[in-house]
Amino acid sequence: MILLGADHGGVALKAAIKRYLEENEIPYRDFGTNDTDSVDYAPIAAQVAHGVAGGQAEKGILCCGTGIGMSIAANKVKGVRASVCSEAYSTEMTRRHNNANILCLGGRVIDEAKAVELTKIFLETEFEGGRHQRRLDEITAIECGEL
């Protein structure tokens, strides 16, 4: 299960990602928005982030104009590691080394084909663990006020 959300700036990317998920029979839940009327991104990011952190889904994808606002909002939720990506290498590394669980994309930064490419990389790349797990444990310690 993948949780999706977008504001008006990312709605076209989200639509392309939904088509990809449907074509590949990957289940998803869409938290909106579904048109280009202006909406605030933080409540949408919160719904997806709480869903991922709460175990409704392993991963989420959020789209806004740049991906930045969505990532800032989503990262306020304990247990979320949301990364803004606009090219393949960072997308692969955010999974391999950071075990990111939410991908954030910008509709004013990348096109729909690139969004689908990055989604595929994000969903298919596994976390390496090892020394990277120690670093994630340190991030968790920050969240818990221990570091």
If you go through region 36-52 one residue at a time, do you hit one that is of a type in the set (Phe, Trp, Tyr), at pLDDT 95 or above and surrounded by 22 or more Cβ atoms within 10 Å (Cβ to Cβ)?
-> yes
Cβ pairs under 6 Å, 6+ apart or interchain, first in region 104-119 and part of a strand (DSSP E or B), second of a type in the set (A, V, I, L, M, F, W, C) and at pLDDT 95 or above, ordered by first then second residue, are CYS104/LEU62; CYS104/MET70; CYS104/ALA82; CYS104/VAL84; LEU105/LEU13; LEU105/CYS63; LEU105/ALA115
Enumeration of residues in region 120-138 that are in a helix (DSSP H, G or I) and either more than 11 Å from the chain's Cα centre (by Cα) or surrounded by 20 or more Cβ atoms within 10 Å (Cβ to Cβ) (or both) = LYS120, ILE121, PHE122, GLU124, ARG131, HIS132, GLN133, ARG134, ARG135, LEU136, ASP137, GLU138
Go through region 1-92 and tell me which strands (runs of 3 or more DSSP E), entirely inside it, have 1 or more residues that are in contact (Cβ under 8 Å) with a residue 24 or more places away in the chain and over 12 Å from the mean Cα position of the chain (by Cα).
-> 28-30
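The values are calculated or read from the model by the stated rules, or taken from the named source; none is laboratory data. The structure displayed is predicted, hence computed values, not measured ones. Every residue, glycine among them, receives a Cβ derived from its backbone with ideal geometry; neighbour counts consider all protein chains shown.
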